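One structure is given below, encoded as structure tokens.
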């Protein structure tokens, strides 16, 4: 115990074996990879389709004062310059330098509510970032460069256009040879580009973005499916239906949609549902293929089992598009007597009951399309729990919902027509609905400035005047100030409505009106 | 009981006697701890007892106060503090009395025990009279007592933190210590004890080093002490200088010239133990200046706290020749001894640090030495010249070095083959490795490896891999860096034409009879890993072929039976290396889709092999196999589920491996990998995994470093299984809540502990994030509502503590966002009441760290949605 606890320091010799350090580095790397994957998973979960809900978020920017913004701008120009010199630098550690410079730029571009995109563009960021995307570059570099471009693409449309030179490379890295994080980041950037502007969408389509994005949607890897579907939904949103037509014809896409709607988690399903929304809105081919598959059933199931607003919106809209777009949907898939039809009506009722205005409106639209179907469809709705809800909505809901509801109720009262003949009444429905007090709601619509709503109102008044038994119609209309409402059209600029209103007044409230009462 | 006899018997060579004695001592301790400790201290203090029983008594006392294991140590401290105070007073009195003993061993043991008790009691404001009583009559006592007193003060400074001793006492300690060092002190034992005490007390001397007069005095005495006639005193004095260089760099300017003179003299003429410390002084100055200069680079404002005095730059013309001289003092066969450390090695290491500190300036000072010696007859001169060249390759600019390297490369290659000295060849191969490490890269402007010489370089290195093990090991190292330089090469690599030959040669090396010498086999496998990692698609088919080869190696290795313990150790090491190699291959082939699909044909067999690895009880092998399985799970994705029925038991077993806590830590990480790969398919195993995770978290026997990843892993599971996590929610939230309360505050802890607490907080917060994000958009979010208020409170408290690091800050603000995102309007009013949603959020929004800012923006968005609905 001569010198306990007193040992001289000895440092590691400069000349050492490679094995020890290399092994430690390798194991540390393996552990770090796991941490990074956790990080990116959480990030993706958070950032997925932020702000798509109907609640428009006003993120006020009180944190950023002008001075800070100008500092940020000059830092950004500097960061682009640094990136240029890092690219030119050819010495040891060049890779780290480049990735470091890219990260710096990416961070600046993610910093404020007003990212300094303009400064980055002025400094020539796009060309240099495109260079960073060149083939054979390491993943880390590709990822960072694509990330920078993603942030730039989130700027205003003019700024997004500046990305043109980088688009071919972003598309190239979507391929199967790329690692998933790189492919996803590129898809993200392209999704941003496509979201803004039809012209850019066309450019992307010409450059062949559609097929690789579609392929990314095929395997079941949550984050890839989610990102690819999101980018696709932006890419095909038209108005030209060509992209939607092409997409549905890509091998495996229809299957993938069916599979993901069956199995995927809510967030992935949400993005896939948006793809279905645009496919069904734009492409007749797609609509008919989707209707023939199990999609309608799956959409109904999703609505029944989910409470996620973000998912329900596109699912509901898809359903509406499909039902409105292809009569096959109503007459064959949703034919009365099938369980799926009952389920469909039940989920619409669920949505009508929801607190969310957007769900109510979309559900009413879907129901109005079903209500336009066969007499059996009308009976099904009429005898469901929906009617009291609809009557309440017609009197108390915001205008746009009332209008949709009016379509449903109107449709319930008339049988399907053949050719030009005048619509024939379903008297039982009409009498009962009028007795339950729906007339004031329709008359209210007549007073609105919206031509379509006014027409709906007038049409319903016509039904009441013509159809109510014992000639009670005119009396009822008069009691609810219907005459006054119709007289507003006496000099209306819309000839159609003017004629319609005037002829109704003439026909039912002409010189003879009220004589028998005297 | 007769303690003396028991203590002597406990050191008997007769095992039975010894066991019996140990048993009776243990019983005594259990039955009457105060009595036991008092007896021991009495034994130690009795001058008429045998020295051996006194020594052991002191040792047992010391072990009753301190342990290496953190938890055990805490227990012992608590046990001492709660002991009867009369007994404690008696023990302490005996110990202080022993400091005057004439028997050196008794004194010396007592000094340590006194310091241990001081380490426990002073922070509790107990034993306040200790330092005063030690110092009270230090000038009147005989030399041996003075020595023991100074030694006690030295240990005391090592045991306690400087915050618990007031400045007045510090001043007194330093005065006594420095006086004891003074050349007027004629007793060498006293001077040595004083110098060692100063070494430990330097951390207490902040105030004294800021006072010019006191600093002058201390420095003068330390410098004088370096010239003591006694070698141990000189060595310790230099150690003090090293420590001063690290702690008080900014105060050194007035002394640096004198110190140079002193150190130069020691390096040139003193004993090696002294010379090594003299060199270490300059290495430490290099460390300080590189830290400061790195700080400068990161700090654009230029107002860094610590100024750089450029001592190395100024000393360069004198320092470099001094260091070059040391290179010629090699020991024969130093390359064969892994732990060797001598003046030539220290000098070269210091030269390397000087090159890093000063850059280009060093080159013209070293080149003449190299040119003059590299072709000399004496191997020492050739080796020293090569070593000097290798040492300065990091630091100076490529512009400066590349021409020199291009010029030297052919010579080096030929020396590696032809030089008659193994020592020279070893250093030559190492120097080639350094050239490739620092100057070769696929994107270097004028590459040092080009079409013209690549063939020759690789041929020479492969040939050299057949040389004696230490040379072959260095040749592997050179190849490692050669491969690494092509990491970013793009689609086609200049290595491609040689790939097969290189792999073949490395495999041949691993089969050498003497591959376990000089860590040759490890170097060969790690080099193979690097060659694979940095390969391009062109050689993917060859890497695919390698899968079967390495699998066969692993199979053969696992087959070996009836091994001696030495052989078994080597087998375990090899198993680890092979699993590591497979991990790299899996990562490589899994990173591109086409190769992944071909590779996945082997998945069943590979997994079968890994499972067999768990039969061997070696920590490193388990760790490597686990990491490889993590990589495999990621490559396979959800289909990895099919291996779980068989693999699960090993996963669970390694989660319980507390002894090899690194294995446990790695396994926790692999659970996370598997969660991400399997997503909800992990569900059937979650009962077992969650049970184990929660058990581990509540255990006191698991190394503390595993706890942060354990928390994060709970988040990984929740992310994977979504609202199925509901069944664990109560238990998990309860555990998290208890931990959160425990780690909300850091006051009173040192830096290291604060860092650890921040790691724990990060883990806890990652768990919360995982749970919230897992439940997002599910119908079960209402189950989370009851926990919201506690979590917000936790965020508020750690915000108020103002001690978060950036990582925690980012995770914490993310949790705020996740909470708002998942609970929405349900938590709106709670969020609005919390401090975090205002002050903390604003602070994060204006952070310089982009990651914090990004998370904060997310939180802001989520909150504004939650409160607007």
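Just so it is clear, none of the values below were taken in a lab; they were calculated from the coordinates. Since this is a predicted model, take the numbers as computed values, not measurements. Quick reminder, even Gly has a Cβ in these numbers, built from the backbone with ideal geometry, and neighbours come from all protein chains shown.
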Can you pull the one-decimal nm distance between simple spin-label points at residue A:428 and residue A:127, each 7 Å off the Cα toward Cβ? 7.7
Residue-averaged beta-carbon neighbours from other chains (10 angstrom radius) around B:341-350: 3
I want to check the label-to-label distance for residue A:343 and residue B:126. Put each point 7 Å from Cα in the C-beta direction and report it in nm to one decimal. 7.3
For the stretch B:616-723: rounded, prolate or oblate by the Cα gyration tensor [a/c cutoff 1.5]: oblate
Summarise the long-distance tail of P(r) for the stretch B:451-510 by giving the % of C-alpha pairs beyond 14 Å. 55
Here the relative contact order (percent) of chain A, from C-alpha pairs under 8 Å and at least 6 apart, is 6
Sorted by average packing, counted as other Cβ atoms within 10 angstrom per residue and highest first, what order do B:266-275, B:379-388 take? B:379-388, B:266-275
Quarter of the surface of the C-alpha convex hull for chain B, i.e. direction-averaged projected area in nm², equals 42.3
Amide N proximity, the stretch B:580-613 versus residue A:139 label position 7 Å along Cα-to-Cβ, cut-off under 17 Å: B:582-600
Using Cα atoms only, what is the angle between the long axis of helix A:18-47 and the major principal axis of chain A, expressed in degrees (0 to 90) to the nearest 10? 20
Can you give the FRET efficiency to the nearest 0.05 for residue A:353 and residue A:327, using r as the Cβ-Cβ distance and R₀ = 35 Å? 0.80
For the stretch A:312-459, what mean projected area does the convex hull of the alpha carbons give, in nm²? 8.4
What does the average come to when, for each residue of peptide B:772-780, you count the partner chain Cβ atoms lying within 10 Å of its Cβ? 4
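Would the stretch B:6-93 count as rounded, prolate or oblate if I go by the C-alpha gyration tensor, calling it rounded below 1.5 in a/c and otherwise prolate when a/b exceeds b/c, oblate otherwise?
oblate
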Can you tell me the length gained on complete extension of the stretch residue A:255 to residue A:491, counting 0.36 nm per residue apart and subtracting the Cα distance? 79.4 nm
Which residues among the stretch B:101-131 fall inside the zone where the amide N is under 13 Å from a point 7 Å beyond the Cα of residue B:89, along Cα→Cβ? B:127
Prolate/oblate/rounded label for the stretch B:371-470 (Cα gyration tensor, a/c 1.5): oblate
Can you give the convex hull volume per residue for the Cα atoms of the stretch B:324-378, as a whole number of Å³? 89
Measuring from the longest principal axis of the C-alpha atoms of chain A, the long axis of helix A:66-88 (C-alpha) lies at a number of degrees, nearest 10, equal to 50
Angle between the Cα long axis of helix A:266-282 and the longest principal axis of chain A, 0 to 90 degrees, nearest 10? 60
R0 of 56 Å, Cβ-Cβ distance residue B:683-residue B:399: FRET efficiency to nearest 0.05: 0.40
Say each of residue A:383 and residue B:338 gets a label point 7 Å from the Cα, pointing the same way as Cα to Cβ; how far apart are those two points in nm? 8.6
Mind pulling the per residue volume of the convex hull built on the Cα atoms of the stretch A:181-249? Å³ is fine. 69
Just the Cα atoms of the protein assembly as shown, one point each, no solvent: what log10 I(q)/I(0) does Debye give at q = 0.04, 0.08 Å⁻¹? -0.35, -1.15
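Can you tell me how much longer the chain between residue B:261 and residue B:598 gets when fully stretched, taken as 0.36 nm per residue apart minus their C-alpha distance, in nm with one decimal?
Between residue B:261 and residue B:598, full extension yields an extra 114.6 nm.
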A chain fully extended from residue B:491 to residue B:5 at 0.36 nm per residue, minus the present Cα-Cα distance, gains in nm 167.1 nm
Computed FRET value (nearest 0.05) for residue B:806 with residue B:659, which takes r as the C-beta separation and R₀ as 30 Å: 0.35
Scattering curve values for chain A, log₁₀ I(q)/I(0), Debye with Cα scatterers, q = 0.09, 0.10 Å⁻¹: -0.78, -0.89
